[in-house]
1. Would you list 162, 105 from the most to the least accessible area, probe 1.4 Å?
2. So what's the net charge close to residue 77: Lys and Arg +1, Asp and Glu -1, counting the other residues with Cβ under 14 Å from its Cβ?
3. Assuming 0.36 nm per residue, please report the length gained on full extension of the stretch residue 50 to residue 155 beyond their Cα-Cα distance.
4. For the range 67-166, which whole-number percentage of the solvent-accessible area (1.4 Å probe, protein heavy atoms only) is attributable to carbon and sulfur atoms?
5. Considering only the other residues whose Cβ falls under 15 Å of the Cβ of residue 49, what net charge follows from Lys and Arg at +1 and Asp and Glu at -1?
6. Suppose R0 equals 41 Å. What FRET efficiency, 1/(1 + (r/R0)^6) with r the Cβ-Cβ distance, do residue 120 and residue 165 give to the nearest 0.05?
7. Just the number please: accessible area per residue for the range 13-76, 1.4 Å probe, all protein chains included, in Å².
8. Grab the eigenvalues of the alpha-carbon gyration tensor for the chain, scale each by 5, take roots, and send me the semi-axes largest first in whole angstrom.
Amino acid sequence: MAPRFRRRISRTRRGTYALRLPGPERELMASLVGQLRELLEVTTDDPSVRRLFPTAYHDDPERDREYQQLVRDELLERRLAALAVMEETAEADELDDAQLTGWLTALNDLRLVLGTRLDVSEDQTPLDEDDPDAPAMAVYGYLSLLLDEAVDALAADLPPPTEPEV
């Protein structure tokens, strides 16, 4: 009989969220958060963070520049706040709604930056284990797993979808 997979993030009966990350995974998360925070504090123009500050007007560079001037600082502030939540709760065994939402944002940001660096695409073929990008791709997969579990945990209390009335 195969061992049962135990979710790393799940909803508890008390309405909080259990965080079951082994020590090495917590260390990895702390390291990734620190790296992204340092990068964002230095520049938001690095090509690897471009997906964190999306273009609003693809066909109008002037309007997009104005848009970026209006929203970039707020986006940066929110992203840094989410990273701070993850750093502050990296050793926690339980999270509340706001903390898990911070984790969700931080996980998504980490995944977007790493995916951009790896040039991940939907038609990505599996890498050979001796490929130099294989370890980073494994981390990308792990971040995807955690993100999926965070979304599932937050969605656990949502009412079931209803059929639209015709």
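1. Numbers: 162 120, 105 50 Å².
Result, largest first: 162, 105.
2. 0
3. Values: separation 105, 0.36 × 105 = 37.80 nm, distance 2.83 nm.
Taking residue 50 through residue 155 to full extension adds about 35.0 nm, to one decimal.
4. Working: 3340 of 6400 Å².
Reported share for carbon and sulfur atoms: 52 percent.
5. Numbers: positive: 37, 50, 51, 72, 78, 79, 111, 117; negative: 38, 41, 45, 46, 73, 77, 109, 119.
That works out to 0.
6. Values: r = 40 Å, r/R0 = 0.97.
In this case the efficiency is close to 0.55.
7. On the way: 4220 Å² over 64 residues.
Spelled out: the 1.4 Å probe surface of the range 13-76, per residue, equals 66 Å².
8. Details: eigenvalues 158, 98, 71 Å².
So the equivalent ellipsoid measures 28, 22, 19 Å along its semi-axes.
The values are calculated or read from the model by the stated rules, or taken from the named source; none is laboratory data. As the structure is a prediction and not an experimental result, all values here were calculated from the model. Quick reminder, even Gly has a Cβ in these numbers, built from the backbone with ideal geometry, and neighbours come from all protein chains shown. The accessibility values were calculated without ligands, DNA or RNA, using every heavy atom of the protein model including side chains. Shrake-Rupley method; radii C 1.70, N 1.55, O 1.52, S 1.80 Å.
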